[in-house]
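So the structure is just underneath, and the comments pick up after that.
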Amino acid sequence: MDENWLVFDPHPSKPAFRVPPGAVDAHCHVFGPGERFPYAPERKYTPCDASAAQLFALRDHLGFARNVIVQATCHGADNRALIDALVRADGRARGVATVRADVTDAELRALDAAGVRGVRFNFVKRLVDTTPPAQLREIAARIAALGWHVVIYFEAADLPELYDFFATLPTVLVVDHMGRPDVSKPVDGPEFGLFLRLMRERPTIWSKVTCPERLSVTGPPAYDDVVPFARRLVEEFPDRVLWGTDWPHPNLKSHMPDDGRLVDFIPRIAVTAELQRKLLVDNPMRLYWTPLEPSP
Ligand code: 0GY
């Protein structure tokens with residue numbers, strides 16, 4: 001574990017907000033345990049271990065029914081810890097993997113059988129070395145044939161140069177953490193405006209309205225400055241938003257959130273029961289538990 005690594009809260013509070021039955025935590029990770037599933041040699045950080053059993057205990061504690069587990073960069077393209085967690089979840093988790101261009105069709109089929117429904121393309125420079133766009137395009141074309149989607153992680157300042165690439169990928173795209181806006185800028189300003197334009201122009205682009213703890217400048221416990229950004233997306237694109245804890249919260253530097261309080265953030269960004277049901281149940285179930293038609 002890196003020096004100064006912040007470990008997740010082992011005793012999160014019970015949320016005051018009761019999530020609807022069947023709710024999905026659509027962005028979370030497992031780390032290791034490193035003894036069984038070693039961290040990738042090319043990783044940019046070494047986390048604390050955070051096991052599938054701990055994730056499922058959190059799921060139950062917060063009142064969720066299911067998880068979408070996203071491959072974290074510290075495991076590179078070695079998806080064994082993810083697959084192990086999916087198998088242990090007994091149908092109550094789906095996965096988003098990381099693959100390289102040399103992945104075989106048999107490997108992709110095995111990932112699909114384990115519950116993987118997407119791949120993640122990461123453009124955050126502090127987390128990964130760059131993969132050439134041609135390779136990403138090739139991967140996208142192959143996973144489109146399985147009916148999977150692509151999860152993209154980037155920072156708002158990089159969207160102008162990535163915009164055309166995203167707009168031409170052949171699958172559904174799911175954007176992590178609202179495209180990481182600088183929430184000290186106005187929600188109606190040009191930076192978030194570009195992300196809204198992408199969402200408006202491409203009805204196949206979804207967004208996770210996640211990580212107030214990561215994006216907030218004003219900080220905990222209220223994360224007030226993140227509310228207008230997430231609420232705007234939930235209200236304008238109610239059928240294309242997802243929510244997740246981001247447990248175990250990699251790379252936080254200033255504080256570790258109480259996951260119970262993060263759940264209490266949900267009714268501030270999805271203010272009606274209908275919006276909450278779409279965000280937490282209908283949308284993730286449609287994307288992860290109902291197979292999408294493969295792209296031609
Ligand atoms: C997140 C955010 C981060 C890390 C990763 O895969 C990862 O290592 O996603 C981050 O450092 O911002 O979604 O967990």
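What to note about this one:
- Ellipsoid semi-axes for the stretch 1-111, based on the Cα gyration tensor and the rule √(5λ), read 25, 19, 10 Å when sorted largest first.
- On the beta carbon distance between Val217 and Thr46, with R0 = 25 Å, the FRET formula returns roughly 0.35.
- Here is the size of the stretch 184-268 from its Cα atoms: Rg then Dmax, 13.1, 36 Å.
- Cβ-derived FRET efficiency at R0 30 Å, Asp224 paired with Val7, nearest 0.05: 0.70
- Sites Ala141 and Arg286, calculated FRET efficiency, Cβ-Cβ separation with R0 22 Å, nearest 0.05: 0.45
- Spatial offset of the stretch 1-16 relative to the stretch 236-296 amounts to 20 Å, using the alpha carbon center of each.
- Across Pro267, Pro47, Pro21, mean-square fluctuation computed from a Gaussian network of the chain (C-alpha pairs under 10 Å connected) peaks at Pro21.
- Per residue, the accessible area of the chain comes to 42 Å² when a 1.4 Å probe rolls over the protein heavy atoms.
- Distances between placed amide hydrogens fall under 5 Å for Gly22 paired with Ala65, all partners being 5 or more residues away or on another chain.
- When the inverse distances between all different Cα atoms of the chain are averaged and flipped, the Kirkwood radius reads 19.1 angstrom.
- The gain in end-to-end length when the Arg200 to Ala16 segment is fully stretched comes to 62.9 nm, 0.36 nm per residue minus the alpha carbon separation.
- Surface accessible to a 1.4 Å probe, Arg94 within the full protein complex, Å²: 40
The values are calculated or read from the model by the stated rules, or taken from the named source; none is laboratory data. As the structure is a prediction and not an experimental result, all values here were calculated from the model. FYI the Cβ positions are ideal-geometry reconstructions off the backbone, even for glycines, and counts take in every protein chain you see. Ligands, DNA and RNA are excluded from the accessible area calculation, which covers all protein heavy atoms including side chains. Shrake-Rupley method; radii C 1.70, N 1.55, O 1.52, S 1.80 Å.
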